[in-house]
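J.: Dropping the structure in here first, questions after.
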Amino acid sequence: MPASPQPGTAPPRGPWRHALEGALAVLAAIAMMAVTAWAGLLALGADAIAPLSRLVPTVLSMAFGGAVGLESAPSAAPAAGGGLLGALGGSGGGLGLGVHGEVRALPLMLTFLGTAVLATVFFRPLHRRARPVPALLWARAGGALSTAAVLLPVLALVGRGTARLPRSVTERLGARAGGAGGGMGGLGALGAGTGGSGKGLAGALSSVVFHSDVVTTAFLGVLGVCAVLGIGCVAARRTSLPRPVALSRMRLKWHPVASTLTGMAAVACCLVLALAVLTGAAAPGGREQAARAAGALLLAGPGLLAVLLTSGLGASWEAAFRREQGDGGGVLGMFGGGTGAGGAGKDRSLAVGDWSGAGAPLWLIGLVLLLVLLVLAGYLVAARTPARSAREEADALLGRHLEPALRTGVAVAAAVLLCCVTAQVSLRMGIEVMGGEMGTVTAGLDAAVRLSGLTGFVTATAASYTGSRLHGLRAARRPPVPGPPRPGPRRRTTASGSSPRAGVVS
């Protein structure tokens with residue numbers, strides 16, 4: 001039976017109203033993501049590569065977890081300039097050179113903004129309403145999920161088009177992939193007509209068709225909406241939830257930890273967003289580098305923060321550019337296409353954690369910053385945890401400081417593993433000649449997780465325990481707050497009242 005509305009609260013709405021508000025939450029989240037993606041791409045100058053009306057849905061699909069496929073455009077010159085492919089009918093005959101590839105990256109700033117707007121618009125309107133029944137919350141969640149299931153495939157279908165890469169970029173990629181010395185099994189000779197300079201590959205890269213993965217975008221997007229709503233039922237503070245949810249064991253035990261960690265993550269991402277806005281404010285003064293930095297922060301700012309913090313827990317981040325030689329096979333074997341996987345190309349890699357900034361390695365900076373944040377998190381968790389009664393203290397297996405610290409450690413360990421997965425960036429481009437893969441170019445930012453999850457659990461537990469102890473010491477030294485006396489047991493005295501304790505009934 002629904003609870004009667006309290007004074008100052010609006011009565012609960014009908015199920016269709018809740019379903020509509022859930023759908024509006026998803027629409028507001030996608031709109032915020034689209035505006036931010038448009039601003040970031042515009043700051044990066046991406047409008048010179050492809051129309052923003054095609055790039056924005058593509059980047060949004062990537063923010064929901066979808067991959068972007070790459071293929072050579074049919075109009076791209078396969079092997080201009082003669083060379084061996086020209087002798088075999090390269091530019092006009094079907095023996096040309098082509099590329100195919102895939103880009104996997106998560107623009108975490110867009111993901112964060114979508115998550116924040118979705119959670120706020122979904123849960124915050126319930127704050128000043130009467131406590132809804134579970135059916136109304138299910139209707140609200142159904143509206144959000146059905147809207148996401150319809151919009152995300154449409155978004156991925158729109159996210160396709162043709163990108164015209166600048167000539168400087170294509171020539172650089174062609175030179176690296178082709179190899180001046182034929183490092184990929186004769187690809188330099190096949191793809192170029194002037195001594196293997198890579199101009200043939202540069203012509204194939206001059207125009208690239210991109211398309212979003214519809215299935216992956218829809219599935220991971222709907223799954224992400226479910227995760228946001230589920231975590232929000234535990235972490236949301238200023239809202240009114242159905243009584244079975246509000247008084248559930250999961251929410252009562254995990255609400256202080258979940259609300260504290262999600263709030264601190266939101267503050268950190270908002271600081272990165274503010275830094276991006278301030279950096280972009282310097283762009284109108286003619287500073288092109290400032291505009292590019294602002295665009296990068298608007299798309300991937302939280303990813304850089306995740307790399308910094310997880311490096312302090314032992315996650316090994318590496319930025320690399322590698323070339324792998326294909327099997328060749330068939331006709332390509334005559335041209336040296338199957339001579340093994342260890343081509344003579346120069347691979348490049350950089351250990352991000354060893355990069356030095358401000359006179360200290362990056363991993364040390366991340367560790368110190370993370371310790372400070374975790375001690376603060378432990379303090380806030382202790383402040384939000386209700387005090388135990390005497391019976392609860394006697395029945396508890398763990399102390400009042402250790403129990404929330406262990407929960408914080410579990411949550412941080414899961415967050416570390418999630419950051420190591422979501423902050424990775426990968427680009428793979430395969431080079432095809434005569435229908436066979438001649439070689440592969442890979443570039444990206446990868447993370448070796450190692451024991452970072454275990455390290456995060458131990459570090460977070462110890463730091464949160466320290467913060468909880470600090471809160472306990474401060475609470476013990478704090479003077480009691482004056483207030484009205486607590487009502488004692490009711491007493492009834494006799495009319496005679498000759499003695500102060502005459503006729504007292506407890």
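J.: Kindly provide the set of residues from the range 220-262 that are small (Gly, Ala, Ser) and touching a residue at least 12 places away in the same chain (Cβ under 8 Å), ordered by number.
T.: Residues of the range 220-262 small (Gly, Ala, Ser): 221, 224, 227, 230, 232, 235-236, 240, 246, 248, 258-259.
Correct list: GLY221, GLY224, GLY232, ALA235, ALA236, SER240, ALA246, ALA258, SER259.
J.: Just give me the residues in the range 278-317 being within 25 Å of LEU373 (Cα to Cα) and not in a helix (DSSP H, G or I), in sequence order.
T.: The answer is GLY312, LEU313, GLY314, ALA315, SER316, TRP317.
J.: Could you identify the single residue in GLY430, GLY453, GLY467 that is modelled with pLDDT of 75 or more and touching a Ser or Thr at 6+ places or on another chain (Cβ under 6 Å)?
T.: None of the other options fit; the residue is GLY430.
J.: Tell me whether the range 377-397 contains one or more residues that are out of contact with any Asp or Glu (no Cβ under 7 Å at 6 or more places or on another chain), part of a loop (DSSP other than H, G, I, E, B), surrounded by 19 or more Cβ atoms within 10 Å (Cβ to Cβ) and at pLDDT 80 or above.
T.: Yes, the conditions are met somewhere in the range 377-397.
Per-residue answers, yes or no, for (1) within 29 Å of LEU247 (Cα to Cα); (2) assigned to a helix (DSSP H, G or I); (3) modelled with pLDDT of 95 or more; (4) not hydroxyl-bearing (Ser, Thr, Tyr):
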site: THR115; (1), (2), (3), (4): yes, yes, yes, no
site: LEU118; (1), (2), (3), (4): yes, yes, yes, yes
site: PRO125; (1), (2), (3), (4): yes, yes, no, yes
site: PRO132; (1), (2), (3), (4): yes, no, no, yes
site: TRP138; (1), (2), (3), (4): yes, yes, no, yes
site: LEU145; (1), (2), (3), (4): yes, yes, yes, yes
site: ALA149; (1), (2), (3), (4): no, yes, yes, yes
site: LEU155; (1), (2), (3), (4): no, yes, no, yes
site: ALA163; (1), (2), (3), (4): no, no, no, yes
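J.: Here is a follow-up. Could you check the range 51-100 and list, in sequence order, the residues that are buried (at least 23 other Cβ atoms within 10 Å of the Cβ), modelled with pLDDT under 55 and assigned to a helix (DSSP H, G or I)?
T.: Within the range 51-100, GLY83, LEU85 qualify.
J.: If we scan the range 285-300, do we find a residue that is within 27 Å of PRO57 (Cβ to Cβ), surrounded by fewer than 23 Cβ atoms within 10 Å (Cβ to Cβ) and among the basic types (Lys, Arg)?
T.: There is at least one residue in the range 285-300 that is within 27 Å of PRO57 (Cβ to Cβ), surrounded by fewer than 23 Cβ atoms within 10 Å (Cβ to Cβ) and among the basic types (Lys, Arg).
The values are calculated or read from the model by the stated rules, or taken from the named source; none is laboratory data. Keep in mind that what you see is a predicted model, and the values were worked out from it rather than measured. All Cβ positions, glycine included, derive from the backbone under ideal geometry; neighbour counts span all protein chains shown.
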